[in-house]
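Okay, so here's the structure we're looking at.
The values are calculated or read from the model by the stated rules, or taken from the named source; none is laboratory data. Quick caveat: nothing in here was measured; it's all calculated off a predicted structure. Note that each Cβ is placed from the backbone with ideal geometry, even for glycine, and that neighbours are counted across all protein chains shown. Areas reflect the complete protein model, heavy atoms only, side chains present, ligands, DNA and RNA absent. Shrake-Rupley method; radii C 1.70, N 1.55, O 1.52, S 1.80 Å.
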Amino acid sequence: MSHFSEYKDLIQVGDLALVWISRDNIKPVTITAGETFNTRYGSFPHDDMIGKPYGSQIAVRTKGSNRFGFIHVLQPTPELWTISLPHRTQIVYTPDSSYIMQRLQCSPHSRVIEAGTGSGSFSHAFARSAGHLFSYEFHEVRYEQAKKEFEEHGLFRDGNVTITHRDVCHDGFTIKNTDKTTFFDGKSAEEAQQPACIGADVIFLDLPAPWDAIPNLDCVISQNSKTSMCCFSPCIEQVDKTLEALEKHGWTEVEMVEIQGRQYESRRQMVRHLDDALQRLRDVRERKQVGVERRKRMFNKIISDQEEPYEERPETPKTQFNPFGKGSRVKEGDSNYSWKEVSKVESEIKSHTSYLTFASKIVHKARNEELVQSIIEEHKD
Ligand code: SAM
């Protein structure tokens, strides 16, 4: 059993572990006694991993050389799963999902609707944070695969994840006992007569046509609290159609955000002064002059047939004259030099450029007089 929702110390047989080979190469592995994990850096027996703490480095000697190949065995988290999962669709990456969850104020009290499930990348993040996740997928094979994965990853264990095979644009979000869904798994025949009570207050739509799903949300969103929604769309034309549907169906606080993930590398750069450069040029000229004169003297000695024409080269310390440390290795931040903080953009960051349309809806806007009075009473001293 894997542990996406709790931490454990030691690697055990049957665990799903994520093996870190390099920054962009992480592989899911089910730990099995007697099996071997093969990479181009070497073959790693699972037996070497079993019983070691998660996070351990496992090393093997590379065949025919004295070098070692190594891997790190990590415990699965939604973030690591996102960068290692088998892609069945485009996926939502952590820079986007974390921003979206924060904007939607997703918490253990939230009841979340997600459509479609796709490769289940975002589902794992929702499942960890939300009170209940209702995920919908209309592609049967993807539904079955996601269901199997959720099962293997222990996502159903706490009873807070439901996945339903459904076209939410045509058939809406209500879950009935005739549906192919995990909602009724393990429920008695009597319980299974009751449709799922959804009451969602967080909605995330990652669909090609969210505007067709928006009209179907009214009967499944929370009736007594604010519902927040985000639609994830790669094109601006989709955003336009979504905005139209949101306005038509009474969604407010509409805001569109464009995500462009960038990573900045921060480091120190040596401060170089003009005076230092001039000093360096003078030094080069001086050395050149000394060399020219030495050669001239040697030439004159040769043509006047003197016995010892060669002169010793004067000793000049190589780096002493270079104010920029050229020719010697200067460690970043060396206190003998001045430094300034600089940053540059790292091109390699996994985030899918997208438009995020946020909106919210309050179904019952009327003042609940009884509730207001009870709060006033409570705060009277
Ligand atoms: N957010 C997902 C993730 O992070 O892995 C990726 C979602 S993927 C881009 C979109 C998914 O929506 C596809 O798997 C597709 O089959 C599903 N889909 C499209 N239209 C749908 C509909 N009307 N009802 C349910 N699912 C739908």
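Can you work out the FRET efficiency for the pair I50 and E369, with r the C-beta to C-beta distance and R0 = 56 Å, to the nearest 0.05?
0.30
Of all the accessible heavy-atom surface of the chain, with the other protein chains kept in place and a 1.4 Å probe, what percent is carbon and sulfur?
49 percent
Reachable lysines from K340, Cα under 17 Å, same-chain residues fewer than 8 places away excluded?
Within the straight-line cut-off, K340 pairs with K331.
Counting pairs on different chains as well as pairs 8 or more places apart, how many Lys pairs in the range 214-314 have Cα atoms under 30 Å apart?
4
Highest GNM mean-square fluctuation, the chain, Cα pairs closer than 10 Å: which of K344, K27, K180?
So, out of K344, K27, K180, the one fluctuating most is K344.
Run the dipole for the chain about the Cα centre, Lys and Arg Cβ at +1, Asp and Glu Cβ at -1, nothing else charged, and hand back the magnitude in debye, nearest 20.
In debye, rounded to 20, the chain gives about 2340.
Ratio of alpha-carbon Rg to the 2.2 N^0.38 Å globular estimate for the range 126-253, to two decimals, please.
In units of the 2.2 N^0.38 Å rule of thumb, it is 1.09.
Could you order E140, E370 by accessible surface area, starting with the largest, using a probe radius of 1.4 Å?
E370, E140
For V141, V254, write out the residues from largest to smallest accessible area, computed with a 1.4 angstrom probe and no ligands counted.
Listed by decreasing accessible area, they come as V141, V254.
Which listed residue (G118, G159, I83) has the Cα farthest towards the positive end of the charge dipole for the range 16-161, taking +1 on Lys and Arg C-beta and -1 on Asp and Glu C-beta about the Cα centre?
Going by the Cα projections, it comes out as I83.
Using the Cα centre of the range 1-152 as the reference point, and only Cβ charges (+1 on K/R, -1 on D/E), how large is the resulting charge dipole? Debye, rounded to the nearest 20.
My answer is approximately 480 debye.
Between 0 and 90 degrees, rounded to the nearest ten: what's the tilt of helix 94-103 against the longest Cα principal axis of the chain?
That helix lies at roughly 50 degrees to the long axis.
Choose one of W20, S107, P234: the residue whose Cα lies farthest towards the positive end of the charge dipole of the chain (beta-carbon charges +1 Lys, Arg; -1 Asp, Glu; about the Cα centre).
Highest projection toward the positive end goes to W20.
Quote to one decimal, in nm, the extra length available between R297 and R285 on full extension: 0.36 nm per residue of separation minus the C-alpha distance between them.
Full-extension gain reported as 2.5 nm.
Taking only the alpha-carbon atoms of the chain, what semi-axes of the equivalent ellipsoid follow from 5 times the gyration tensor eigenvalues under a square root, in whole Å, largest first?
63, 31, 19
Distance from the Cα centre of the range 51-73 to that of the range 217-257, in angstrom?
Centre-to-centre (Cα) distance: 49 Å.
GNM on the chain, C-alpha springs below 10 Å: top fluctuator among F173, F299, F37?
F299
How big is D, in µm² s⁻¹, for the range 7-106 by Stokes-Einstein at 25 °C and 0.890 mPa s if Rh is the Kirkwood radius over C-alpha pairs?
Translational D for this selection: 164 µm²/s.
Per 5 Å bin, what is the whole-percent P(r) computed from every C-alpha pair distance within the range 207-305?
2, 8, 12, 10, 7, 5, 4, 4, 3, 3, 4, 4, 5, 5, 5, 4, 4, 4, 3, 2, 2, 1
So if each residue of separation counts as 0.36 nm, and I subtract the Cα-Cα distance between Q193 and Y310, what length gain in nm does that give?
My answer for the length gained is 31.5 nm.
If I model a spin label at R61 and Q105 as a point 7 Å from the Cα along the Cα→Cβ vector, what separation in nanometres do I get?
Simple spin-label model gives 6.2 nm for this pair.
Could you state the accessible area per residue of the chain in Å², with a 1.4 Å probe and every protein chain left in place?
I get 60 Å² per residue for the chain.
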